[in-house]
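As structure tokens, the structure follows; a few thoughts come after it.
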Amino acid sequence: MTTDEGEELHPFARLTPDTVLDALCALGLEPDGRLLTLNSYENRVYQVGIEGAAPVVVKFYRPSRWSDDQILEEHQFVAQLADCEIPAVAPCQIGGASLHHFGGFALAVFERHGGRAPDLENKQTRQWLGRFIGRIHAQGALSDYRYRPALDIETFGHEPRLYLIEHQFIPAELAPAWTSVVDEVLAKVARAFERSGTLRQLRLHGDCHIGNVLWTDAGPHFVDFDDSRSGCAIQDLWMLISGEAEERALQLRDLLEGYRDFHDFDHRELQLIEPLRTLRLIHYSAWLARRWDDPAFTLAFPSFNTTRYWQERVLELREQSALLDEAPITLY
């Protein structure tokens with residue numbers, strides 16, 4: 001799609017409200033015209049009213065990010081969790097399929113699930129979360145992903161680093177400092193992975209932060225498995241802890257107390273918390289860079305790609321370098 005001046009528009013520019021409603025009509029649903037845009041940058045997600053029924057949530061996947069095989073692997077994993085009465089929100093089966101196509105977009109429809117953020121200051125909440133993450137991982141360990149990538153130093157470290165350099169996102173005056181500190185922390189991350197040895201890889205949620213857990217009086221619901229990958233179990237735990245070292249150790253003890261009711265935990269993974277945090281920081285900058293042609297990103301992240309942004313990233317990674325030199329978190 002182009003403008004009158006011939007400028008190429010982002011693919012999501014074609015995703016108008018009429019397209020959203022027409023897509024649901026094509027699936028045999030009857031939208032009543034109520035359309036609410038939900039918070040999502042990677043994809044486009046809407047709550048849509050349905051005649052005579054509860055509203056649904058429809059997700060339109062970002063073109064060219066995942067293949068159909070990769071999306072379906074995620075759907076199958078979440079459906080397996082739901083079949084085991086694990087509170088993960090799986091896509092609806094419509095006409096025997098969970099993945100659909102309309103107007104050049106891949107899409108899926110979900111039941112609407114409300115909730116609030118979990119109270120991570122509460123010990124019982126942390127234990128409860130740990131039990132459900134343990135159940136997710138017990139299921140995730142039963143088979144491997146065939147099409148989805150792994151979360152590792154290559155995909156979250158070296159490849160994002162190369163993308164940012166080759167596409168010249170780093171200001172010239174900061175490029176030497178940024179490259180130097182990135183290379184420094186990646187070397188330390190590599191040594192941490194070597195020290196940990198061969199660890200079990202399993203299917204993960206992949207992005208298990210507080211925003212992807214909805215809490216109700218009945219407990220948690222895990223949503224948005226869009227970033228699901230193979231990796232180490234600690235990836236789905238470390239983003240739920242915060243604060244000083246003693247606080248983080250206490251929080252992680254509670255999570256693991258519940259977790260171990262359903263799945264074993266290899267304590268060698270504790271030394272990967274700061275390495276995984278470091279990889280996430282590098283990957284996040286490259287994620288923003290890859291999406292910089294999307295107008296939604298330029299509006300939501302106005303400070304990205306400014307000199308100040310990259311100065312802050314250099315300082316952030318220097319702090320991470322120091323943390324990578326510290327002893328891993330201890331639980332006892």
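The values are calculated or read from the model by the stated rules, or taken from the named source; none is laboratory data. This structure is a prediction, so every number in the text was calculated from the model and none was measured. Using ideal geometry, Cβ is built from the backbone for each residue, glycine included, and neighbour counts are taken over all protein chains shown.
Among the residues here, Leu331 does not qualify as more than 30 Å from Leu15 (Cα to Cα), in contact (Cβ under 8 Å) with a residue 24 or more places away in the chain, in the same structural domain as Glu166 (by TED's automatic domain parsing) and not aromatic (Phe, Trp, Tyr). Taking the conditions (1) within 19 Å of His167 (Cβ to Cβ); (2) part of a helix (DSSP H, G or I) in turn, Asn305 satisfies each one other than (2).
In the stretch 281-315, the qualifying residues are those that are surrounded by fewer than 18 Cβ atoms within 10 Å (Cβ to Cβ) and basic (Lys, Arg), and the one that is nearest to Ser40 (Cα to Cα) is Arg290.
In the stretch 213-229, is there at least one residue being in contact (Cβ under 8 Å) with a residue 24 or more places away in the chain and over 20 Å from Gly130 (Cα atoms)? The answer is yes, given that some residue of the stretch 213-229 is in contact (Cβ under 8 Å) with a residue 24 or more places away in the chain and over 20 Å from Gly130 (Cα atoms).
Table: residues versus (1) under 25 Å from the mean Cα position of the chain (by Cα); (2) part of a loop (DSSP other than H, G, I, E, B); (3) more than 20 Å from Ala300 (Cα to Cα).
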site	(1), (2), (3)
Ala13	yes, no, no
Val20	yes, no, yes
Tyr41	yes, yes, no
Val45	yes, no, no
Val48	yes, no, yes
Ala54	no, no, yes
Val57	yes, no, yes
Phe77	yes, no, yes
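When Glu312, Glu257, Glu269, Glu319 are checked against the criterion of being under 30 Å from Arg62 (Cα atoms) and modelled with pLDDT of 95 or more, Glu312 stands alone in meeting it.
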